Amino acid sequence: MALGAVALTAACSTTAPQSQAPPPQIPKITPQTSASRAAAMVDRPTLPDDCDLVVDADAMNAVLGQQLPGEPRIIIGVKEPGIGRTGKIDCYYGIPPKQELTAAKIVIGLSTYTDELTARTRVSESVEGERQNGAKITEVDVGKQKGTLIEGKDEQLVIGSLGKSTFVVRSWNNFVPQQNLTKILTTLAQQAMTPPV
């Protein structure tokens with residue numbers, strides 16, 4: 001009986017008048033937004049040799065909301081086997097023309113170590129040293145990682161580690177206003193640990 005009903009339905013459908021089929025639907029392909037494909041922070045075992053690969057000047061100015069003078073300057077550090085450090089770079093931003101590195105407004109440093117424990121230990125030792133010097137210590141979010149905000153008299157910084165890498169973002173002489181300190185320093189730290197795509 002069911003088989004007959006199927007045959008009958010098929011017969012009816014072939015004798016029904018044919019209407020024009022609607023045009024096929026073309027799926028819309030929308031490009032992903034930058035937010036949905038934002039790169040993630042990663043361990044940076046191979047350190048960049050250019051500050052543009054850490055945080056470029058345009059990104060720095062955008063985060064700060066102002067134009068910094070000069071071009072970023074880089075100092076490539078040496079390996080220090082005694083403390084397990086395998087590489088180090090520091091990028092200095094906002095140095096006015098004809099002035100020294102000490103005139104920088106923001107400094108971003110990346111270092112690599114022999115293993116994750118050594119990297120974490122170096123961060124912990126730095127935080128403890130700052131605490132003993134009277135700095136205010138606060139845990140903060142850096143992307144999906146944890147970092148430490150250190151507020152001292154002459155500098156404020158965010159420091160942390162990810163895998164074998166460590167990062168530090170320094171603001172000298174209260175250059176970043178207190179109300180924006182955490183947001184700006186953690187944003188720069190996140191960008192420094194996010195290689196360009």
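Read the figures in this text as sums done on the coordinates, not as results from a lab. Quantities reported herein were computed from a predicted structural model and do not represent experimental measurements. Cβ atoms come from the backbone with ideal geometry, glycine included; neighbour counts cover every protein chain shown.
A few points about this structure:
- When each of 144/164; 153/183; 79/153 is checked by Cα-Cα distance, pairs over 25 Å: 79/153
- Global geometry of segment 77-126, whether rounded, prolate or oblate, following the gyration tensor of its Cα atoms and the 1.5 cut on a/c: prolate
- Evaluated with a Cβ-only charge set (Lys, Arg +1; Asp, Glu -1), segment 58-115 carries a dipole of roughly 100 debye about its Cα centre, given to the nearest 20.
- Gyration tensor (alpha-carbon) shape descriptor, segment 38-193, a/c threshold 1.5: rounded
- For segment 153-197: Kirkwood Rh in Å [reciprocal of mean 1/r, alpha carbons]: 11.2 Å
- Using distinct alpha-carbon pairs, which all enter the 1/r mean, Kirkwood radius of segment 44-109 in Å: 12.7 Å
- Checking every one of the GluC sites (Glu not before Pro) in segment 44-126 against DSSP loop status and a limit of 11 other Cβ atoms within 10 Å picks out 100.
- Charge dipole magnitude, Cβ of K and R +1, D and E -1 - segment 108-197, Cα centre, debye nearest 20: 160 debye
- Counting Lys and Arg as +1 and Asp and Glu as -1 over every other residue whose Cβ lies under 14 Å from the Cβ of residue 96, the net charge comes to +1.
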